1. Just checking, how many residues over the range 21-37 are surrounded by 11 or more Cβ atoms within 10 Å (Cβ to Cβ) and over 17 Å from Arg49 (Cα atoms)?
2. Where residues in the range 3-20 are modelled with pLDDT under 85 and either assigned to a helix (DSSP H, G or I) or aliphatic (A, V, I, L, M) (or both), which of them is surrounded by the most Cβ atoms within 10 Å (Cβ to Cβ)?
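The values are calculated or read from the model by the stated rules, or taken from the named source; none is laboratory data. All values derive from a computational prediction rather than experimental measurement. Here Cβ is always computed from backbone atoms with ideal geometry, including for glycine, and neighbour counts include all displayed protein chains.
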Amino acid sequence: MAEVKVTDSFEKALKVFKRQCQREGFLMQIKEKRYYSKPSEIKRRKKSRGKQFPG
């Protein structure tokens, strides 16, 4: 879970929160779950991600 302390301004805190959410992959999960994907498409997507980012 992403947590941000608001010390200076709300805009700055919002920017930090969005960056943390993107790093943790929340936005990708939301986009993937928006529509139904066949199991074969999910496997293909995971396989291609593994080739792009080894280790």
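1. 1
2. Taking the range 3-20 and keeping what is modelled with pLDDT under 85, we get 3-8.
Now drop any that are not either assigned to a helix (DSSP H, G or I) or aliphatic (A, V, I, L, M) (or both), which leaves 4, 6.
Values: Val4: 15, Val6: 11.
The extreme case among them is Val4.
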